[in-house]
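A quick write-up on the structure given underneath.
The values are calculated or read from the model by the stated rules, or taken from the named source; none is laboratory data. All of these numbers come straight from a predicted model, not from anything done at the bench. All Cβ positions, even for glycine, are placed from backbone atoms using ideal geometry, and neighbour counts span all protein chains on display.
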Amino acid sequence: MEEYIFPKLTSYDALLLLKGMGMTITVTLLAIAIGLLIGFFIGLLRSLKIPILSKLLLVYIEPIRNSPLVAQLFFAYYGIAMVTDFSPSAFQAAVWTLGINTSAFAAVIVNASIRSVEKGQWEAAYSLGLNYWKTFRLVIVPQAIRVFIPSFVGLCVNQLQVSSLVSLIGFVDITRVGYMLTLRTYRPFLIWSIVAVLYFALSFPISKFARYAESRVKSYGKIG
Amino acid sequence: MTLHFRVIFSNLDFLLEGLKMTFFISVFSLIIGFFIGLVVAFMRISKNKVFSSMAIAYVEFFRNTPFLVQLFFFYFGLPELGINTEPVTTAIIALGINNAAYNSEIIRAGIISINKGLIEGAESLGFTKFQIVRLIIIPNALRVTFKPLGSNFINLILTTSVAVSITANELMSNAMTLSSNTFRPFEIYLTILVLYCLLTFSLSGFIHFVDRKFISKGIS
């Protein structure tokens, strides 16, 4: 009986992996941009503590934070196309779902960062004759950003990891490439190790930076 | 646009079966995740360089790679080494190992937060080792770790949905099966989203309640 020889990994496969990595980075960056934009406005509105509006915004934030991204993706990709005329491509569904998911987490971080600046700062700025926007821009943001950056970078690392889930709706990111190569070459152990290492190479420097930023924030409070 | 939520009610049993499996997977991986997390946390703070760097490598690796890739590695990769895998067991083990990395950081912070003076004071009052652990270390560490561990557990429940990729017959997998059988993804996934929300909202309410009533009692 002839022995079956498993196909070897070729240089073309390496190219495919790199392409997938590029798609992962693209989706993650776009999602983070969308998430930051929406999240900033929602977080800002929440920090104003307007009674009913605050509660309404929680209706946006909490369900997104408390349901699995896989279900959100399937809902956006398969569900919405079934009942409306709009049928998003895998790329659109991936970017927008991940972006809106990011926005809910970003809103919480923005709100917490703004609130971390003590009330006295607002009062002092108002008594010096600054209006809301000037106070916000010149007094609050420079202080709030110290709290914001470490948590936000941490969120970015997390969203990079969960961006792998977009492969489940058929979007060809690095995880999907790994899946396709597994089917072709039948060397899952090797391929999933490579994919894991590639993700690690992307994610580890960013999470190291988050840790560094956090230590800087802590030491700043002690000296200043 | 007409919605047919009948699909949900006529297949409620099937979805509830999935919910049961989600519970099953969550609870077992919670237990595995807690104990591995405990071991890793103690390795991390040990003075032995080999142990502590092993713990750091463990935590960094599992926190910087996606859970989906880890799951595929366990599910598709291990059979190549001659270890047979089955979806539910694989999901439980992968989730447990993944969650342990997050738990260990929380537990470590809990251990570090205990004031050395408290232990010395207890020793000078003649407490036995067992009494110190039971009366000083555990209650104090629990106060710091209970809520973060709780939110980790909620995260774990949400992450069980990733097991849809290896069809572990949990809630998300059953929803997907149902959706491809009935062709009503909108109604089904909407229901699933609501179900997960109800599950996590009630659980986080319960965690807050336990924390207020029993754990942070008398602490302002």
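Odds and ends about this structure:
- Only one entry of B:195, B:203, B:190, B:199 meets the criterion of being among the aliphatic types (A, V, I, L, M) and either touching a Pro at 6+ places or on another chain (Cβ under 9 Å) or facing chain A (nearest Cβ under 8 Å) (or both), and that entry is B:190.
- Filter result for the condition that a residue is at pLDDT 90 or above, of a type outside the set (Lys, Arg) and farther than 30 Å from residue B:193 by Cβ, over B:151, B:104, B:161, B:165: B:104
- Cβ-Cβ under 8 Å pairs, at least 6 apart or on other chains, segment A:170-183 side touching a residue at least 24 places away in the same chain (Cβ under 8 Å) and among the basic types (Lys, Arg), far side assigned to a helix (DSSP H, G or I) and surrounded by 21 or more Cβ atoms within 10 Å (Cβ to Cβ): A:176/A:20; A:176/A:167
- Segment B:105-140 - residue that is without any contact (Cβ under 8 Å) to a residue 12 or more places away in the chain and among the aliphatic types (A, V, I, L, M) and, of those, farthest from residue B:41 (Cα to Cα): B:125
- Of the candidates A:167, A:219, A:203, A:207, the single residue that is surrounded by fewer than 16 Cβ atoms within 10 Å (Cβ to Cβ) and assigned to a helix (DSSP H, G or I) is A:219.
- Scanning segment A:181-215 for residues that are under 16 Å from residue A:19 (Cα atoms) and of a type in the set (Gly, Ala, Ser), we see that the one that is nearest to the other protein chains (Cβ to nearest Cβ) is A:196.
- Residue count for segment B:197-209, restricted to those that are among the aliphatic types (A, V, I, L, M) and exposed (fewer than 14 other Cβ atoms within 10 Å of the Cβ): 1
- Selection status of residue B:173, facing chain A (nearest Cβ under 7 Å) and touching a helix residue (DSSP H, G or I) at 6+ places or on another chain (Cβ under 7 Å): no
- Sole residue being among the acidic types (Asp, Glu), under 30 Å from residue A:181 (Cα atoms) and either under 19 Å from the mean Cα position of the chain (by Cα) or away from every other protein chain (no Cβ under 13 Å) (or both), chosen from B:105, B:60, B:80: B:60
- Helices (runs of 4 or more DSSP H) contained in segment A:76-153 and holding at least 2 residues without any contact (Cβ under 8 Å) to a residue 12 or more places away in the chain: A:80-83, A:119-127, A:132-135
- Filtering segment B:1-30 to residues that are among the polar types (S, T, N, Q) and within 14 Å of chain A (Cβ to nearest Cβ) leaves B:2, B:22, B:26.
- Selection from segment B:44-92 of residues that are touching a helix residue (DSSP H, G or I) at 6+ places or on another chain (Cβ under 6 Å), charged (D, E, K, R) and surrounded by fewer than 16 Cβ atoms within 10 Å (Cβ to Cβ): B:80
- Matching residues, segment B:176-187, being at the interface with chain A (Cβ under 10 Å from one of its Cβ atoms), touching a residue at least 60 places away in the same chain (Cβ under 8 Å) and assigned to a helix (DSSP H, G or I): B:186, B:187
- Meets criteria (more than 19 Å from residue A:31 (Cα to Cα) and basic (Lys, Arg)) for residue A:176: no
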